Amino acid sequence: MSASLNPDKTEWDVIVIGGGPPGEVAAQYATQHSGLDAVLVEKELVGGECSFWACMPSKGLLRPIELVNDAADVQGVTGATVDVAAVLARRDTIVNHHDDTSQVNWATGVGIDVIRGHGRLAGEKTVDVDGRRLTARHAVVLATGTRANVPPIDGLREARPWVSRDATNVHEIPRRVVIVGGGVVACEAATWLRGLGVEELTIVEGGPRLLGKNEPFAGDLVGAALTEAGVTVRTGTRVAAVSRPDVNDAGEGLIHGGEVTVTLDDGSTVAADEILVAAGRTPNSDDLGLDTVGLEAHGYVSVDDHLTVPGRGWLHVVGDLNGRALLTHMGKYQARIAGEVIAARAAGEPLDGYRYAVRPVVPQVTFTDPEVGSAGLTEAQAREAGVDVECVEFDLAALAGTYVLRDHYVGRAKLVLDRATDTLVGATFVGSAIAELVHSATVAIVGAVPVSDLWHAVPSYPTVSEGWLRLLETLDQQRRGK
C-alpha cells in the first residue's frame with residue numbers, strides 16, 4: 001500500500017529505505033528547503049523501532065515505576081502503587097496501538113511520499129520494493145537500523161526467547177524471568193519488569209558488572225539498587241544452555257508457555273517462565289541488496305563524515321546501520337547532516353559545514369533507578385584515545401537539592417578532563433533526576449568550555465545541577481592539594 005501524493009510515481013530525487021526517525025529526518029532535511037522530493041519505503045511501521053518497540057514504550061513503562069519509587073522514598077507520601085493494567089494501557093496509547101497513521105500523515109503533510117513494502121537496492125540509484133522498481137535522481141538513503149541479536153547458545157532459539165520488542169510490548173506479567181545481558185536494555189527491562197510484579201527476576205551478565213560501557217560506579221550503583229529491589233544479579237556468569245520442552249505459539253508479547261530451564265556456566269540452573277535476551281544488536285543489512293552495488297551483503301555499512309558510502313556519492317547510510325552510535329538521537333543527528341549534504345550536492349553547493357563531528361559527543365540516559373546519564377568519553381575511553389586525563393568525582397547525595405528530592409538519595413558524578421586544554425571530554429551522572437544534566441555536559445564538551453568559564457555557570461539552588469559546582473570545588477581542592 002502506498003500513501004503517496006502520486007501513487008503511480010516511480011522516480012524521486014531521494015529514496016529513503018527505512019521509515020524510522022533517522023529515515024524520516026533524512027527525507028525532511030533533504031527536501032524542506034531544496035525543492036527536492038522524497039519517498040520513504042517502510043516494510044513495518046513508519047516511526048520505526050524507537051516509536052513502537054523501543055524508546056517510547058520502554059519509557060512509558062519506566063515512568064510509573066519511577067514515580068512510585070520516588071513516592072516511597074519521601075516521608076509523608078503514602079499509597080502510591082502501580083496499576084499494571086493501567087500502565088500497560090497507557091503504554092498502548094503511547095505507541096498508538098501500533099497504528100502509524102499519524103506518522104504517515106506527518107510525512108505526506110510535508111510532501112514526503114510513503115510506500116509500504118520491503119525495499120532493497122537493485123543497482124545504482126535503483127530500489128526494488130516487492131517487485132516495483134523505483135529510481136532516485138540524486139540519492140538513496142539506507143536507514144534500516146538493527147534487530148535484537150540472539151547469541152548461539154544451545155537451545156536458546158528453540159526456547160522462543162523474548163527480545164526487547166516482546167518486553168516492551170508485554171501483555172501478561174510472568175512470575176519468573178531470566179534476562180541474558182547486563183547492558184542498557186537489560187537493566188531498564190529489569191527495572192520495569194520488577195516494578196510491574198515479576199516475583200523472581202535474574203540478570204545473567206558475563207562481564208564483571210552491569211552497564212560495562214559506563215564508568216564502573218554506574219554499574220555498581222545500578223546493580224546494588226536492583227539487588228535491593230529483589231533482583232538476583234549474576235555477573236561474571238554466562239548462560240551455557242537453555243531448555244524449554246513445551247513451547248506454543250501464544251504470539252508476540254505473550255507468555256509462550258512451558259517452563260524454561262537456564263543452565264549457567266558454573267553448572268547451576270535457574271527456572272523461569274520467560275527468558276529475555278538483551279545481548280546486543282545485529283544490523284539489518286543482510287537483505288538490503290548491498291551486493292548489487294558492490295558492497296558486502298552483511299554487517300554494518302561504513303560511511304564517511306558526510307554519511308556517504310565511500311566511492312558511491314549517491315548512497316548514504318544513517319542511524320544504527322552504519323554502526324557509529326546505536327542511539328536514536330545520534331541517528332537523527334546523522335540524518336540532518338545527510339539530508340543537508342544531499343540538498344547541497346543537488347544544488348552544486350559546497351559541503352563545508354555539513355559534516356559528522358570528528359569526535360562526536362554521544363549523550364545517553366539509562367532510565368533505571370538510579371538513572372545513569374553520560375556524555376562524551378569515560379576515563380578509560382579517554383586514556384585509550386591518548387588524552388592526558390584528569391578526573392574528579394562527587395557524591396551527589398551530599399547536595400541540598402538531592403537531600404530534599406529523596407530521603408535516601410544515592411548518586412555519584414564524575415568529570416573527565418583534558419589536562420592540555422583544561423576542558424571537559426566526558427561526564428557521568430548517576431542518581432534520581434539526573435537525566436536533564438546530560439545536555440549541559442554535552443554543551444560544555446561540544447563548546448570546549450574551559451574550567452575557568454564553567455565556574456561562572458551558576459547552578460540554581462536547591463537542585464541536582466548544583467553538583468556541577470561541587471565537582472568544580474572538589475577539582476580545585478585536588479589541584480591545590482598537589
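The values are calculated or read from the model by the stated rules, or taken from the named source; none is laboratory data. It should be emphasised that the depicted structure is a prediction, and the values quoted were computed from it without experimental measurement. Heads up, the Cβs are rebuilt from the backbone with ideal geometry, glycines too, and the neighbour counts pull from every protein chain shown. Surface accessibility is based on the protein's heavy atoms, side chains included, excluding ligands, DNA and RNA. Shrake-Rupley method; radii C 1.70, N 1.55, O 1.52, S 1.80 Å.
Points worth noting:
- The chain - mean residue ellipticity at 222 nm from DSSP helices (-39,500 (n - 2.57) per run, n ≥ 4, rounded to 500): -9000 deg cm²/dmol
- The order of the peptides 338-344, 352-358, 396-402, 191-197 by mean Cβ neighbours within 10 Å, most packed first, is 338-344, 191-197, 396-402, 352-358.
- For the peptides 467-480, 176-189, the ranking by mean Cβ contacts within 10 Å, running from highest to lowest, is 176-189, 467-480.
- Three semi-axes describe the equivalent ellipsoid of the chain; taken as square roots of 5 times the Cα gyration tensor eigenvalues and ordered largest first, they are 38, 32, 21 Å.
- Share of Cα-Cα pairs in region 170-234 lying beyond 17 Å, as whole percent: 32
- Region 116-235, accessible surface, carbon-and-sulfur percent (1.4 angstrom probe): 46
- Diagonalising the gyration tensor over the Cα atoms of region 114-263 and scaling each eigenvalue by 5 before taking the square root yields semi-axes of 36, 21, 15 Å, largest first.
- J(HN,Hα) series, region 218-235, from Karplus relation 6.51 cos²θ - 1.76 cosθ + 1.60, nearest Hz, glycine and proline x: 5, x, 5, 5, 5, x, 5, 5, 5, 4, 4, 7, x, 8, 8, 10, 10, 8
- Environment charge of I445, counting only residues whose C-beta is closer than 11 Å and scoring Lys/Arg +1, Asp/Glu -1: 0
- Contour excess over end-to-end distance, with Cα ends at H439 and V77 and 0.36 nm allotted per residue: 127.3 nm
- Taking θ as phi - 60° and the Karplus parameters 6.51, -1.76 and 1.60, the scalar couplings of region 400-408 work out to 5, x, 7, 4, 8, 6, 9, 6, 10 Hz in sequence order, x denoting glycine and proline.
- Here the convex hull built on the C-alpha positions of region 1-114 has a volume of 116 cubic angstrom per residue.
- Label positions at A457 and S302, each projected 7 Å from the Cα along the C-beta direction, are separated by 3.5 nm.
- Long-range lysine pairs (8 or more apart or interchain), the chain, Cα under 24 Å: 10
- Normalised by the number of residues in the chain, the average gap of Cα pairs under 8 Å and 6 or more apart makes the relative contact order 15 percent.
- Just so you know, the averaged projected area of the alpha carbon convex hull for region 261-384 sits at 12.4 nm².
- Once the convex hull of all Cα atoms in region 67-169 is built, its volume per residue stands at 231 Å³.
- Highest-first packing order for the peptide set 372-381, 268-277, 418-427 is 372-381, 268-277, 418-427, based on the mean count of other beta carbon atoms within 10 Å.
- When M330, M56 are compared by accessible area at a 1.4 angstrom probe, the order from most to least is M56, M330.
- Phi-based couplings in Hz for region 366-373 (Karplus 6.51, -1.76, 1.60; Gly and Pro marked x): 9, 8, 8, 10, x, 5, 10, x
- Other-chain or far-sequence residues with amide H under 5 Å of V425's (modelled H): V416, L417, D418
- Cα centroid of region 363-437 to Cα centroid of region 266-284, whole Å: 30
- Antiparallel bridge percentage (DSSP; both residues within the chain; nearest 5): 60
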